[in-house]
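Can you keep this structure in mind? I'll have questions shortly.
The values are calculated or read from the model by the stated rules, or taken from the named source; none is laboratory data. What you are looking at is a predicted structure, and each value in this text was computed from that prediction instead of being measured. Cβ atoms come from the backbone with ideal geometry, glycine included; neighbour counts cover every protein chain shown. The protein model used for the area step is the full one, side chains on, heavy atoms only, and it has no ligands, DNA or RNA in it. Shrake-Rupley method; radii C 1.70, N 1.55, O 1.52, S 1.80 Å.
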Amino acid sequence: MLNLDRARGASLVSSQNLPPHTLTSEQVAELLARNAQLEKELHHCQANLSEYRNLFSQVDQNFQSVFWLAEQKTREIVFVSSAFESIWQRPRTQQMKDMSILWQSTILPEDWAHIETLLATAPTCAFEMTYRIQRPDGSIRWIRDHGFPIYNEQGEAYRIAGIGEDITDRKQAELDLRSLNQELERRVLERTQELEQSQYALEQSESEFRTLVEHSPDVITRRDRLLRFTYVSPAIRHRGLSASNFIGKTLDEIDSSFKVLEEDEGAARRVIQTGEPETLTSKALFGSTAMHFQTLLVPEFDQTGAVNSVLSVTRDISSLKQAEAVVQQSEERFRRIFEGSPLGMGIATESGHFLMMNKRLCQIVGYSQSELLTKTFWDITHPEDHYKEFEVLQQAIQAGEKILSLEKRFIRKDNNIIWVRITVSLVQDEAGKTLHQIGMVEDISDRKKAEVELRASLQDKEVLLKEIHHRVKNNMQMVSSLLSLQASYIEDPAILLPFTESQNRVNAMALIHERLYRSNSLAKVSFSEYIHKLTSDLFRSYDSSDRSISIEFNLAEIELDIDVAISCGLIVNELVSNALKHAFPNNMTGTIWVNFACDDSMICALTIADNGVGIPEEISIYDSDSLGLQLVSAFTKKLHGKLQFERSQGSRIKVSFLLPLSR
């Protein structure tokens, strides 16, 4: 309107083609009127503009979203509302070009590419952008812009306007909702899987239970409150009945010979009345065979807690009854053996407290059964035997032995001490822990007394036998002395030699008795010590120490019975004497070997060898006129042995025999 009037005034002046100072008064008056009208319109427009500015300022200050304007071609922001500062947490710049740079710099790089592509297409219709910005404090906010083009009078889009709103809370809510939804879906899935598994397990359990019930040897039934059968397991056929004949009927309506069902009907009525389970034991005859049954009746309740049915399980316990009878018979036999045993018998705890004992044990210790029940094995054991018994018991437990035996002393009620032999059997559980001890006690006081007397008698006999050996040795030494005395009057060597040989033989036998007299054993002698002493005496007898003849031994450390020792000793005496006399003539030097060994089968070998001139070929040791060789053969036969002879670098004679068992 203002522009139109101005145009009209200009047209009026130009139409007159007159300079201003040539205007007429009428024209001047018209111009002044029109100027006043224009000033009035200008004042009105300025008032409207001020009102619009005030309104826009209030909208800008109270509008929570960001309103912005940008050039269509350059994309430079020409206006942005004050909400930018509260959302972006950044001040608006005075230069809109800088504002465009600031806005772009706050957008996350990974989101800017999408915005740049969208704005590059010069949108000609409404569009929407969602992106993230970063505030100065580093926090991230989600922004959603609704943009649209602005057209001029020619219908060309020359600007882009938009409204940007902070949707961070909405985005977070969406994320939380999505997370919650995912968690809910997960839980629903888990719950569904659990329900499916439970359903499968329930079906399996029902199937297994059904299989168990249908194949169970027990007769399982269910009856309602009117005692009508609603289920009977197939096991009823083992009693010659059909399960189908029972369903929907009471026992009175069924022709049944299974009397067990009749007997438990009264029990079923009581279970319905009381709501308490009940167990019934009954007996029935099948032909001539008596059978025993046990029935368990259990109430089943409805939702109100009232009994609506009775479940019963009837089991054939005939074999159990038979086993109980066998156990009773076994217990009775054990009791008879226990009470009638000639040995004292007692059962005690691991710590030794008496639990049970027979009359014989009471007689042995002089206590009554009631008195022994207040005592332990340790109470009646002699104090000096406590440690020995405890040690034996611990060794047996550690070795895994369940039976042990020992001799100890009991102190009777009358304070007399008796000797007993006790055999204890340990009753243990599967883990090896001792639960009970079963002891058998034998009174060996008389035997112990006899052993003491026998030991004293044996000691007397040992003293007497030693004295006999001593006297035999003395008598033989006396014979040897007589032979020596007689030989002192003989000058002819040929006559003197038999006296010397006889004296050596007597000394060999006397030496055995001397060894027995001096040893702890009266029946055995150390063969090694005996041979060393015997050969030493022979060397002195033949004055061989000056002839450079040595002797070497390889003797097993073994003790021989007196008979074997005398035979072997005389064989050694003859063969060593023969070697000293004949193997080394003309003062030859040489060696004599004496070996004795026994193998694992107790076959022994006695070997005498020398490296002298050897026994002449014309002399046979098996058939010789020599008394010495004849004695060797005789003693070999006495030993039931074998005689072997070799002529190789001297002489070697071996006597092999089986060592007899000790008597």
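Is the shape of the range 554-598 best called rounded, prolate or oblate, per the rule: a/c under 1.5 gives rounded, else a/b larger than b/c gives prolate, else oblate, with a ≥ b ≥ c the square roots of the Cα gyration tensor eigenvalues?
Details: a/c = 5.21, a/b = 2.00, b/c = 2.60.
Oblate, because a/c is 1.5 or more while a/b does not exceed b/c.
Let me ask something additional. Residues with beta-carbon under 12 Å from that of Phe354, excluding Phe354: net charge, scoring Lys, Arg +1 and Asp, Glu -1? Mind dumping the intermediate values first?
Numbers: positive: Lys375; negative: Glu371, Asp379.
Here the charged neighbours net out to -1.
For the range 599-649, list log₁₀ I(q)/I(0) at each q in 0.15, 0.21 Å⁻¹, using the Debye formula over Cα point scatterers of equal strength and ignoring solvent, two decimals each.
Debye curve over Cα of the range 599-649, log10 I(q)/I(0) at q = 0.15, 0.21 Å⁻¹: -0.50, -0.89.
I need the calculated FRET efficiency for the pair Asp252 and Val213, taking r as the beta carbon distance and R₀ as 30 Å, to the nearest 0.05. Let's see the in-between values first.
Working: r = 26 Å, r/R0 = 0.86.
Efficiency at R0 = 30 Å is approximately 0.70.
Based on the mean of other Cβ atoms within 10 Å per residue, sort peptides 43-50, 219-226, 124-131 so the most packed one is first. If you can, show how the numbers build up before the last one.
Working: 43-50: 10.5, 219-226: 18.0, 124-131: 13.0.
Packing order, densest peptide first, comes out as 219-226, 124-131, 43-50.
So, counting K/R as plus one and D/E as minus one, what does the shell of residues with Cβ under 9 Å around Tyr367 add up to?
Numbers: positive: Lys375, Arg412, Lys413; negative: Glu371.
In short, +2.
Now, a different point. Send over the Kirkwood Rh of the range 55-190, from the inverse of the averaged 1/r over different Cα pairs, rounded to one decimal Å.
Working: mean 1/r = 0.0605 Å⁻¹.
Hydrodynamic radius (Kirkwood, Cα pairs) of the range 55-190 is 16.5 Å.
Whenever you get a sec, line up Tyr530, Tyr542 from highest to lowest accessible area (probe 1.4 Å, protein heavy atoms). Write down the numbers at each step before the final one.
Numbers: Tyr530 0, Tyr542 35 Å².
Order by accessible area, largest first: Tyr542, Tyr530.
Along the range 419-426, what does the Karplus equation 6.51 cos²θ - 1.76 cosθ + 1.60 (θ = phi - 60°) give for ³J(HN,Hα), rounded to whole Hz, x for Gly and Pro?
With coefficients 6.51, -1.76 and 1.60, one gets 9, 9, 10, 10, 10, 10, 10, 8 Hz.
In the range 325-464, with Lys and Arg counted as +1 and Asp and Glu as -1 at Cβ, which of these residues, Ile403, Leu355, Gly340, has the Cα nearest the positive end of the dipole, that is, farthest along it?
Gly340
Could you give the length gained on full extension between Leu454 and Asp385, defined as 0.36 nm per residue of separation minus the Cα-Cα distance, in nm? List each step's numbers first, then the result.
On the way: separation 69, 0.36 × 69 = 24.84 nm, distance 2.36 nm.
Separation in residues times 0.36 nm, less the Cα-Cα distance, equals 22.5 nm.
Could you please put Leu102, Leu580 in sequence from largest to smallest accessible area, using a 1.4 Å probe?
Details: Leu102 35, Leu580 0 Å².
The ranking, largest first, comes out as Leu102, Leu580.
Sticking with this structure for a sec: Which of the residue pairs Lys533/Lys654; Lys448/Lys638; Lys388/Lys413 have a Cα-Cα distance greater than 32 Å in the structure shown? Write down the numbers at each step before the final one.
Numbers: Lys533/Lys654 21 Å; Lys448/Lys638 41 Å; Lys388/Lys413 22 Å.
Correct reply: Lys448/Lys638.
Over all distinct Cα pairs, what is the inverse of the mean 1/r for the range 300-353, reported as the Kirkwood hydrodynamic radius in Å?
Details: mean 1/r = 0.0619 Å⁻¹.
Every distinct Cα pair counted, the radius reaches 16.1 Å.
Let me ask you something else. Assign unit charges at the C-beta atoms only (+1 for Lys and Arg, -1 for Asp and Glu), then state the dipole size of the range 97-178 relative to its Cα centre in Debye, rounded to the nearest 20. Before the final figure, lay out each step's value.
Working: 9 positive and 14 negative charges, 22 e Å.
Result for the range 97-178 is approximately 100 debye, rounded to the nearest 20.
Now a separate question. Between beta-carbons, use under 11 Å as the cut-off and find the net charge around Leu435, counting Lys and Arg +1, Asp and Glu -1.
On the way: positive: Lys433; negative: Glu350, Asp429, Glu430.
The answer is -2.
Using only the alpha-carbon atoms of the range 339-391 as identical scatterers, what base-10 log of I(q)/I(0) does the Debye formula give at q = 0.15 Å⁻¹?
Log-scaled intensity ratios, in q order: -0.41.
What is the extension gain from Ser105 to Leu177, computed as 0.36 nm multiplied by their sequence separation minus the C-alpha to C-alpha distance, in nm to one decimal?
Values: separation 72, 0.36 × 72 = 25.92 nm, distance 3.09 nm.
Gain in length upon complete extension: 22.8 nm.
Say R0 is 45 Å: what FRET efficiency, to the nearest 0.05, do Glu41 and Cys125 get from their beta-carbon distance? Before the final figure, lay out the partial values.
Values: r = 38 Å, r/R0 = 0.84.
Approximately 0.75, to the nearest 0.05.
On full extension of the chain, what length is gained from Ile163 through Glu206, given 0.36 nm per residue of separation minus the C-alpha to C-alpha distance?
On the way: separation 43, 0.36 × 43 = 15.48 nm, distance 6.66 nm.
My answer for the length gained is 8.8 nm.
Highest first, please rank the peptides 243-254, 180-191 by the mean number of other Cβ atoms sitting within 10 Å of their residues. Walk me through the numbers before you get to the answer.
Values: 243-254: 13.7, 180-191: 10.0.
Answer by packing, highest mean first, reads 243-254, 180-191.
Label-point separation (nm) for Asp98 and Asn245, each offset 7 Å from Cα along Cα-to-Cβ?
The two pseudo-label positions are separated by 11.1 nm.
Now a separate question. Using the beta-carbon distance between Arg135 and Ser198 and R0 = 51 Å, what value does 1/(1 + (r/R0)^6) give for FRET efficiency, to the nearest 0.05?
Working: r = 52 Å, r/R0 = 1.01.
E between Arg135 and Ser198, to the nearest 0.05, is 0.50.
Not counting ligands, DNA or RNA, and with a 1.4 Å probe, what is Ser65's accessible surface area in Å² rounded to the nearest 10?
Only protein atoms counted, so the area is about 20 Å².
Sticking with this one: For the range 137-246, just the Cα set please: Rg and Dmax, both in angstrom.
Gyration radius and largest Cα-Cα distance of the range 137-246: 36.1, 110 Å.
Enter the per residue convex hull volume of the range 101-162, computed from alpha-carbon coordinates, in Å³ rounded to the nearest integer. Before the final figure, lay out the partial values.
On the way: hull volume 5.3 nm³, N = 62.
So the per-residue hull volume is 85 Å³.
Another question about this same structure. Under the Karplus relation 6.51 cos²θ - 1.76 cosθ + 1.60, θ = phi - 60°, what is the ordered set of whole-Hz ³J(HN,Hα) values for the range 343-353, x standing for Gly and Pro?
9, x, 10, x, 10, 9, 6, 4, 7, x, 6
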